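The block underneath contains the structure these notes are about, expressed in structure tokens.
Readers should treat all values here as calculations from the given coordinates under stated rules, not as data from a laboratory. A quick note: this is a predicted structure, and the numbers were derived from the prediction, not measured. Here the Cβ positions follow ideal geometry from the backbone for every residue, glycine too, while neighbour counts run over all protein chains shown.
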């Protein structure tokens with residue numbers, strides 16, 4: 001059984017990961033973390049008391065972090081100190097913070113992905129072939145839409161899609177971000193040329209697909225050697 005810890009356990013993503021993990025026989029929930037000073041500290045979530053102490057990482061095997069860049073930056077120090085496997089889905093990290101993720105992956109296994117959905121990661125893998133076959137006669141742009149509370153724009157997923165296409169086409173890919181209502185996550189890649197248009201769209205209907213992907217990654221990374229991994233590695237098995 002994998003002893004699991006979740007950062008931001010009372011947030012939208014953290015709570016759903018917690019709830020799904022609590023019904024999965026492969027996990028034992030041992031740590032529910034929230035920011036120091038928040039009113040939920042000391043209250044119960046399931047059978048656990050919510051804590052603000054990162055020293056609680058000694059109780060777990062795998063740590064799941066879908067929080068904010070500034071929180072993740074602090075969390076990384078404790079992941080390295082206690083040498084715990086990490087599933088990291090925080091988006092909006094700056095270059096310095098990404099370098100820190102890369103540095104700790106030298107001592108612990110890290111699955112780091114801007115999107116843990118199986119469908120999006122399949123899209124990551126097939127997109128280069130589509131772009132190559134369409135060739136330079138087709139222009140390409142990305143449109144992404146998320147809920148109005150999402151702070152980073154473009155999304156981490158949109159940035160990853162754009163980077164894949166830039167690496168393939170050697171062109172900068174215009175990316176447009178929309179922040180409206182309660183949209184969970186939409187990403188559309190539009191190829192246009194030769195009197196036709198091709199649109200490839202992924203729509204998230206629920207945060208469950210990200211939470212289930214994170215738990216799949218947690219099972220996969222348990223007992224893996226130190227290194228920086230992606231959901232592509234997880235899906236390969």
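Roughly what % antiparallel, to the nearest 5, for the DSSP beta bridges in the chain?
Roughly 40 percent of the DSSP beta bridges within the chain come out antiparallel.
What relative contact order, as a whole-number percentage, does the chain give when Cα pairs under 8 Å and 6 or more residues apart are counted? Kindly include the intermediate steps, with their values, before the conclusion.
Working: 451 pairs, mean separation 48.5, N = 237.
With pairs under 8 Å counted, the relative contact order is 20 percent.
Using Cα-Cα distances under 8 Å and only pairs 6 or more residues apart, what relative contact order does the stretch 1-107 have, in percent?
25
Beta carbons within 10 angstrom, averaged per residue: use that to sort the peptides 170-183, 211-224, highest first.
211-224, 170-183
Once you order the gyration tensor axes a ≥ b ≥ c over the Cα atoms, which shape class does the stretch 144-237 get: rounded for a/c under 1.5, otherwise prolate or oblate by comparing a/b with b/c?
Here the stretch 144-237 falls in the oblate category.
How tilted is helix 208-221 with respect to the longest principal axis of the chain? Cα atoms for both, answer in degrees (0 to 90, nearest 10).
70
Compute the relative contact order of the stretch 114-237 as a whole-number percentage, counting only Cα pairs closer than 8 Å that sit 6 or more residues apart in sequence.
Relative contact order of the stretch 114-237: 30 percent.
If I model a spin label at residue 94 and residue 26 as a point 7 Å from the Cα along the Cα→Cβ vector, what separation in nanometres do I get?
3.7
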